[in-house]
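Beneath this line is the structure, given in structure tokens, with notes to follow.
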Amino acid sequence: MSDKTSNQMWGGRFSAGPDEIMEAINASIGFDKRLASQDIAGSRAHAAMLGATGIVEASDVEAIREGLLTVMSEIEAGEFAFSPALEDIHMNVEARLKEIVGPAAGRLHTARSRNDQVATDFRLWVRERLDQTEEQLLALLRALLAQAEAGAEWVMPGFTHLQTAQPVTWGHHMMAYVEMFGRDLSRVRDARERMNECPLGAAALAGTSFPIDREMTAQALGFDRPSANSLDAVSDRDFALEFLSVASIAAMHLSRFAEELVIWSSAQFRFVTLSDRFSTGSSIMPQKKNPDAAELIRAKVGRIFGANVALMMVMKGLPLAYSKDMQEDKEQVFDAADTLALALAAMEGMVRDMTANRPALERAAASGFSTATDLADWLVRVLGLPFREAHHVTGALVARAEAKGCDLPELTLAEMREVHEGITEEVFGVLGVENSVASRVSYGGTAPLRVKEQVARWSELLG
């Protein structure tokens, strides 16, 4: 980098440019060029405000705003030559603007700093990704609702410790993920509302002596208000951390569901069939259909968790206000946002296309003594046994069925009465899995009636 370029960037303070190592560690254009549209939008809003307040002449403002549109069109067309020597997206844009409009370009940076400029650009970018994440979550929720509605009455095993516990319905299981991703949706919306303040006008850290109109620039860029403290405005990265936190929780939910899809699509379970669009074959075993999309989701979410921790580490020891450490914020967020978008798209596609194997679900629901709790509840409800005693009686009946090699409904009444003489023929009415799920009518329960109510509620919420 030449001395001339250095002086253009930093003025007269330095007589010699940094060497190649300093240039390499200092430059961010390799990744922050993704902020080009946000940077230009912010600059156009700033220029308009400078003109409206009389800080810069109208003719210069018009030239700057039109020139910035030309720069944007060059970037979009792939004709813009990004220069590492100019450090970042801000200086690259400004240098090209000067070539287009001449000395008027130098007035654009009046009453602002790269500190409030990058904080504004980054907020705009994160806000757009929050909006994208909201749309993707809505699509996933609708795909899950479609699955839940179709299988509201299909029985399947519910698990604890990945062991058969009690029968539930397919719809109930799908609605569990609706609740999870619904919370993610609320977190996305909450984060967007909280971060929607405009740093532009905070300048380097202390504000500016120019008579700027921060409300005007905030409104032009779609912010709710200007940020209230100039020190905080340029040093805050909570909005990026909150995005990563929201993304991490959503990624965890994606990974849990991906794990279930891997298990369910195996030959040992056969609960679901994933479409060919989200599966691959084996290079040596022709019978294989691998759930690669689910496995990759399960793995890729680690990058999102890592980004969250990495940015926390960047920010944890920084004094106010801006420090160059903050340059390390963007790559983490960019990668996490890309990974989350890909994982959400893949999961939505898998859920939309997958087919539940109802006969396999029903067979599995009836195995593993899944109605043992229903038997215990019946002993309490009908015979008046204390639950602990009912638990003991049920355990003895399970042991007897296990020794006989059958399930609970296959025990005879005589065999049951050998364990407790009060048991009557009525008990067989609660031992079928359909009867079991139908009886779970408490709010939030697995009964088909309750599942359909929740599907209707969520369908109304999502519009």
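The values are calculated or read from the model by the stated rules, or taken from the named source; none is laboratory data. In this text, all values refer to a predicted model and were calculated from it rather than measured experimentally. Don't worry about glycine lacking a Cβ; one is built from the backbone with ideal geometry, like all the others, and counts go over all protein chains shown. Ligands, DNA and RNA are excluded from the accessible area calculation, which covers all protein heavy atoms including side chains. Shrake-Rupley method; radii C 1.70, N 1.55, O 1.52, S 1.80 Å.
Which whole-number percent of Cα pairs in segment 335-463 have a distance greater than 20 Å? The share of Cα pairs beyond 20 Å in segment 335-463 comes to 59 percent.
With all protein chains present and a 1.4 Å probe, how do Tyr322, Tyr177 order by accessible area, largest first? Could the numbers behind the result be given before it?
Details: Tyr322 70, Tyr177 10 Å².
Per-residue accessible area, sorted high to low, gives Tyr322, Tyr177.
In summary, the aspartates and glutamates within cross-link reach of Lys300, defined as a Cα separation below 14 angstrom excluding same-chain residues under 8 places away, comprise Glu259, Asp292, Asp335, Asp338. Our analysis of segment 53-192 gives Rg over Rh at 1.30, with the two radii drawn from alpha carbon positions and Rh computed by the Kirkwood formula.
Ranked by the mean number of other Cβ atoms within 10 Å of their residues, highest first, the peptides 199-208, 428-437, 157-166, 25-34 come out as 199-208, 428-437, 25-34, 157-166.
Using just the helices of the chain, give the 222 nm mean residue ellipticity in deg cm²/dmol: DSSP H runs with n ≥ 4 each add -39,500 (n - 2.57), and the total is spread over all residues, rounded to 500.
On the way: 20 runs with 291 residues, N = 463.
Mean residue ellipticity, 222 nm, calculated: -20500 deg cm²/dmol.
Going through the cross-link list Lys33/Lys324; Lys98/Lys324; Lys98/Lys330, which pairs have a Cα-Cα distance over 21 Å in this structure?
Working: Lys33/Lys324 17 Å; Lys98/Lys324 26 Å; Lys98/Lys330 27 Å.
Checking Cα-Cα distances, Lys98/Lys324; Lys98/Lys330 exceed 21 Å.
Rounded to the nearest whole Hz, the Karplus-based 3J(HN,Hα) values (6.51 cos²θ - 1.76 cosθ + 1.60, θ = phi - 60°) of segment 168-181 follow the sequence 10, 10, 4, x, 5, 5, 4, 5, 4, 6, 4, 4, 4, 6, with x at glycine and proline.
Taking 0.36 nm per intervening residue step and subtracting the Cα-Cα distance, what contour gain separates Ser323 from Gln219 on full extension? Show your work: numbers first, answer last.
Numbers: separation 104, 0.36 × 104 = 37.44 nm, distance 2.78 nm.
Gain on extension, Ser323 to Gln219, equals 34.7 nm.
Over segment 355-451, Cα pairs under 8 Å with separation of 6+ residues give a relative contact order of 26 percent.
The residues of the chain present an accessible area of 47 Å² per residue when probed at 1.4 Å with all protein chains retained. Restricting the GluC sites (Glu not before Pro) of segment 323-389 to loop positions (DSSP other than H, G, I, E, B) with no more than 11 neighbouring Cβ atoms within 10 Å leaves nothing.
For the chain, with all protein chains in place and a probe radius of 1.4 Å, 53% of the accessible heavy-atom surface sits on carbon or sulfur. Computed from Cα atoms, the angle from the helix 448-462 axis to the main principal axis of the chain rounds to 10 degrees. The GluC sites (Glu not before Pro) found in segment 61-147 that occupy coil by DSSP, while having at most 14 further C-beta atoms within 10 Å, are Glu79.
Each peptide among 211-224, 111-124 gets the average number of other Cβ atoms lying within 10 Å of its residues, and from highest to lowest they stand as 111-124, 211-224.
Amide H to amide H, with H built 1.01 Å from N, Asn290 comes under 5 Å of Thr280, Gly281, counting only residues 5 or more places away or on other chains.
Normalised Debye scattering of segment 130-177 at q = 0.26 Å⁻¹ gives log10 I(q)/I(0) of -0.86, counting only Cα atoms as equal scatterers and leaving out solvent. The aspartates and glutamates within cross-link reach of Lys316, meaning a Cα-to-Cα straight distance under 19 Å and a gap of 8 or more places when in the same chain, are Asp232, Asp236, Asp238, Glu242, Asp325, Glu328, Asp329, Glu331. Between 0 and 90 degrees, the angle of helix 36-52 with respect to the longest Cα principal axis of the chain falls at about 50 degrees. Measuring how big the chain is from its alpha-carbon positions, Rg and Dmax come out at 30.7, 101 Å. Scalar couplings 3J(HN,Hα) for segment 240-245, obtained by applying the Karplus form with A = 6.51, B = -1.76, C = 1.60 to θ = phi - 60°, are 6, 5, 5, 4, 5, 5 Hz; x denotes Gly and Pro.
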